[in-house]
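Report on one structure; see the data block that follows.
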């Protein structure tokens, strides 16, 4: 009885895409975003140029796919913090502390990706992605602020949307503080004080206001 022929093992589409993205990151790190070409990426990956174009429309799509794969951990960990049983104030503090911890664990990668993002940001595709992710973050923070107001953990007279933008702006600044490496500033001490001022204010609170 004739044996059925076995199909030759082939790399899955996802494995091939990862191969391309790993090569792209190496090229971006060495030459920067603007100087890197699809030819560079294909050569580094050991693939034909047409194979890269089979999986990605252009270099911008390669970068966006790489960035989204790298950021997936952020999204998953943020969701865990947002869905935890902590208070609204506790969740906001943990979000900032998490960002600092990740930056501390991967300082070179974090800085490199930040630089690459700035280089690629002038392209409409990257800008559109940024706006979508940023609005998604603001929506999540707004829901968190509303949750805090409903549970009487936060002041009822604040605008939840504006408060969400304020929190997001402060947390964005954490990356800059960490990357600049000011010797006189410990990023975690900075976040402790900033978050305290964020919740309690910087001016003394009068007991009797008129």
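The values are calculated or read from the model by the stated rules, or taken from the named source; none is laboratory data. Bear in mind that the values here come from a model prediction, so they are computed numbers and not experimental data. When we count neighbours, we look across all protein chains shown, and the Cβ atoms used for this are built from the backbone with ideal geometry, even at glycine.
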Scan segment 45-57 for residues that are part of a loop (DSSP other than H, G, I, E, B) and exposed (fewer than 13 other Cβ atoms within 10 Å of the Cβ) and report the count.
3
On the given criteria, is residue 146 assigned by TED's automatic domain parsing to the domain that holds residue 115, farther than 24 Å from residue 115 by Cα and surrounded by 13 or more Cβ atoms within 10 Å (Cβ to Cβ)?
yes
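Is one or more of the residues making up segment 190-198 under 30 Å from residue 63 (Cβ atoms) and surrounded by fewer than 12 Cβ atoms within 10 Å (Cβ to Cβ)?
To start, the set of residues in segment 190-198 that are under 30 Å from residue 63 (Cβ atoms) comprises 191.
Going one step further and asking which of them are surrounded by fewer than 12 Cβ atoms within 10 Å (Cβ to Cβ), we end up with none.
Scanning segment 190-198 turns up no residue that is under 30 Å from residue 63 (Cβ atoms) and surrounded by fewer than 12 Cβ atoms within 10 Å (Cβ to Cβ).
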Here the residues within segment 144-171 that are over 16 Å from residue 198 (Cβ atoms) and in contact (Cβ under 8 Å) with a residue 40 or more places away in the chain are 147, 151
Residue satisfying condition, being modelled with pLDDT of 95 or more and either at negative phi or over 14 Å from the mean Cα position of the chain (by Cα) (or both), within set 64, 113, 81:
81
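Against the condition at pLDDT 95 or above, surrounded by fewer than 16 Cβ atoms within 10 Å (Cβ to Cβ) and not assigned by TED's automatic domain parsing to the domain that holds residue 196, how does residue 22 come out, does it pass?
Judged against the criteria, residue 22 is not a match.
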